[in-house]
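The values are calculated or read from the model by the stated rules, or taken from the named source; none is laboratory data. These figures come from a predicted structure and were not determined experimentally. Every residue, glycine as well, gets a Cβ built from its backbone with ideal geometry; the counts of neighbours run over all protein chains shown. Only protein heavy atoms, including side chains, enter the accessible area calculation; ligands, DNA and RNA are left aside. Shrake-Rupley method; radii C 1.70, N 1.55, O 1.52, S 1.80 Å.
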Amino acid sequence: MRVNLTKVVRCMVLVLLLVICCNVLTFVYGPQSGLQGIHLPPGPLAELFRGHLRQPETKPFVKLKSTETCKDLEMKTFVEPAVFQSIGVNNDSFVYSAFLEDSSIRIIGLRQVSNVNVLCQIWYADVKEDPLVIGDVQAELIPEDHGRKYTSTFFICKIPAKHPNGTPFAVSVVKNACDQPLNIMLVRHPGTVTLDFTLCVSPLNYKYSRAYELVEMIEMNKMLGAQKLIFYNHSTGANVDKVLDFYSLKGEIEVVPWHLPVKTDTWPPTGEPEIHYFGQLSALNDCLYRYKNRSHYLVYTDLDEFIMPRQHRTWNEMMADSERAQKDLAYAQAQCVFFRKEWLKPPEQYQTAALKYNSVVLKHTLRETYTFPHGSRSKYVINPSRVKTVGVHNVWSFSGGATMLPPSTALLHHYRNWEKPDDPQPKEEDLTAVNKYGDELVRRLDSVWSFLSHVPLDINISSYGPFVS
């Protein structure tokens, strides 16, 4: 039988092109693309935007012009991921992201307490009339500003009823109605709930380089029930970047750029920061609204913390029982206990893995006997559809009921270094984590680090220079 080599080669090329197209579509429309929640009218604009995210060097240009409201005022911008943008030339306020609500657009930002007099320009890309309307803005401070120069803020942009059938495409915050804006944000629209548990994490900072801690944190939370983890990246080391890339390609995490335009904490300290702890409150609330209509629950913990069920194996089982006890549950809060990192006691069967991967969970099974009361160092699980404002340790605004989880149901395991190693705080052994999850955790660490064998577990912070932020 004679084989037509030309036809064979053509078939192979077609198969290869098909595989490439499938991978491109998966990237563009998948969770890592960042497109979820952004409303783009069908047509060239949508294709432009998607093409930009896939090939950022093309820098597509989006342009709308007002014909009546502010005649000849143009909205001109490259379509970019969220970044902090100034409201005025004196940099007294900044905006970051915008989320559509029933009759308003909620904007996450920073501002000095004295600055309140602003308006919003709302742009529509799907109406035949003037695409611009002007709305009033109400500024709401997010609690826990710690007296810094800038405070995390909601700018609530009221939507006038001019285009009842239109869909807000972009929004700017300005000092005067027809100012040429210094900022432009694409408006994120409600999605559909496809996730059960999503974990929101405070900003990565100080050139965060503890790759060993990050991998264990991700795998441990996945065992507890997290289907997606959201990281706000202020600054990270090269090894952690590789870990983030690894999990991003798997679609298990989202990394949100978080480059603050104001003075932040540094190590060693170099004076007072202008915002509390890397704009933590803005990041936590951005995560709330970013996933409000995409995840049934949101879990809030830091890199060195785990909400550990005591009676159940997973958060799903724990929250199902909590909701049976309280039908309108808005959030459940867990009390904190400290597992001090200077207290080493890995169980014998896990000693090898604990040392090999510098496993925080496997190495530290001793904790303080003291349990912090609810509201002090606590963390929580929320139903985001019932919550409006979150804080670091408390939920500030919600509708419905709250459950204060007793220690018999769950505890927040906080693994931390202690500034006073000789403090005679009494301790006790707590094997909850290793007994429930130890074997599976070791299997997961073996698997992940077999892929990341070229990545350093840690990088000394001093290698980045005299100061890091």
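In terms of solvent-accessible area of protein heavy atoms at a 1.4 angstrom probe, what is the ranking of ARG444, ARG313, highest value first?
Values: ARG444 60, ARG313 105 Å².
Final ranking, largest accessible area leading: ARG313, ARG444.
How far, in degrees from 0 to 90, does helix 211-224 lean away from the longest principal axis of the Cα atoms of the chain, to the nearest 10?
90 degrees
Classify the chain from the C-alpha gyration tensor, please: rounded if a/c falls under 1.5, else prolate or oblate depending on whether a/b exceeds b/c. Kindly include the intermediate steps, with their values, before the conclusion.
Working: a/c = 1.79, a/b = 1.28, b/c = 1.40.
Oblate shape, in that a/c is at least 1.5 and b/c is the bigger or equal ratio.
Using a 1.4 angstrom probe and counting only protein chains, how large is the accessible area of VAL174 in Å², to 10?
0 Å²
So how do THR266, THR198 rank on accessible area, 1.4 Å probe, biggest first, that is with the largest at the start?
On the way: THR266 25, THR198 0 Å².
The residues order as THR266, THR198, largest area first.
Mind grabbing the accessible area of CYS178 for me, 1.4 Å probe, Å², rounded to tens?
70 Å²
Indicate the gyration tensor shape class of the stretch 311-421 (rounded, prolate or oblate), computed on the Cα atoms with a ≥ b ≥ c the square roots of the eigenvalues: a/c under 1.5 is rounded; otherwise a/b larger than b/c is prolate and the rest oblate.
On the way: a/c = 2.64, a/b = 1.90, b/c = 1.39.
Here the stretch 311-421 falls in the prolate category.
What's the ranking of 146-155, 267-276 by average number of surrounding C-beta atoms within 10 Å, highest first? Please report the intermediate quantities before stating the final value.
Numbers: 146-155: 20.2, 267-276: 14.2.
Averaged packing, sorted descending, gives the order 146-155, 267-276.
What does the charge add up to near ASN435, with Lys and Arg as +1, Asp and Glu as -1, over the other residues with Cβ less than 13 Å from its Cβ? Spell out each step's value before the answer.
Details: positive: ARG310, ARG313, LYS436; negative: GLU429, ASP430, ASP439, GLU440.
Charge balance near ASN435 sits at -1.
Using only the heavy atoms of the protein chains and a 1.4 Å probe, how would LEU195, LEU431 rank by accessible area, largest first?
Descending order: LEU431, LEU195.
How would the stretch 362-446 be classified by its alpha-carbon gyration tensor: rounded, prolate or oblate, with rounded meaning a/c under 1.5 and the a/b versus b/c comparison settling the rest?
oblate
How big is the gap, in Å, between the Cα center of the stretch 338-375 and the Cα center of the stretch 150-197?
45 Å
What order, most packed first, do the peptides 393-400, 369-376 have when packing is the mean number of other Cβ atoms within 10 Å of each residue? Mind showing how you got there, number by number?
Details: 393-400: 16.0, 369-376: 13.0.
Most protected by this proxy first, the peptides run 393-400, 369-376.
List the trypsin sites (Lys or Arg not before Pro) within the stretch 337-428 that DSSP assigns to loop and that have no more than 13 neighbouring Cβ atoms inside 10 Å. Don't skip to the end; give the middle numbers.
On the way: sites: ARG340, LYS341, LYS356, LYS363, ARG367, ARG377, LYS379, ARG386, LYS388, ARG416, LYS427; in loops: LYS341, ARG377.
For trypsin sites (Lys or Arg not before Pro) across the stretch 337-428 that sit outside H, G, I, E and B with at most 13 neighbouring Cβ atoms in 10 Å, the list is empty.
Return the loop-located GluC sites (Glu not before Pro) in the stretch 328-413 (DSSP other than H, G, I, E, B) with at most 12 other Cβ atoms within 10 Å of their own Cβ; answer none if there are none.
GLU342
Based on the Kirkwood radius over alpha-carbon pairs, what value in µm²/s does the Stokes-Einstein equation return for the translational diffusion coefficient of the stretch 177-250 at 20 °C and 1.002 mPa s?
145 µm²/s
For the stretch 194-255, state which trypsin sites (Lys or Arg not before Pro) are in a DSSP loop and have at most 14 other beta carbons lying within 10 Å of their beta carbon. Walk me through the numbers before you get to the answer.
Details: sites: LYS207, ARG210, LYS222, LYS228, LYS242, LYS250; in loops: LYS207, ARG210, LYS250.
In loop regions of the stretch 194-255 (DSSP not H, G, I, E or B), the sparsely surrounded trypsin sites (Lys or Arg not before Pro) are LYS250.
Given +1 on the Cβ of Lys and Arg, -1 on the Cβ of Asp and Glu, and no further charges, what dipole in debye does the stretch 365-428 carry about its Cα centre, rounded to the nearest 20? Each step should come with its number before you reach the end.
Values: 8 positive and 5 negative charges, 70 e Å.
Here the stretch 365-428 has a charge dipole of around 340 debye.
At 1.4 Å probe size, with no ligands or nucleic acids counted, give the accessible surface of ILE459 in Å², nearest ten.
Rounded to the nearest 10, the figure is 50 Å².
On a 0 to 90° scale, report how tilted helix 238-249 is relative to the longest principal axis of the chain, with both axes built from alpha carbons and the result rounded to the nearest 10.
For helix 238-249, the angle is close to 70 degrees.
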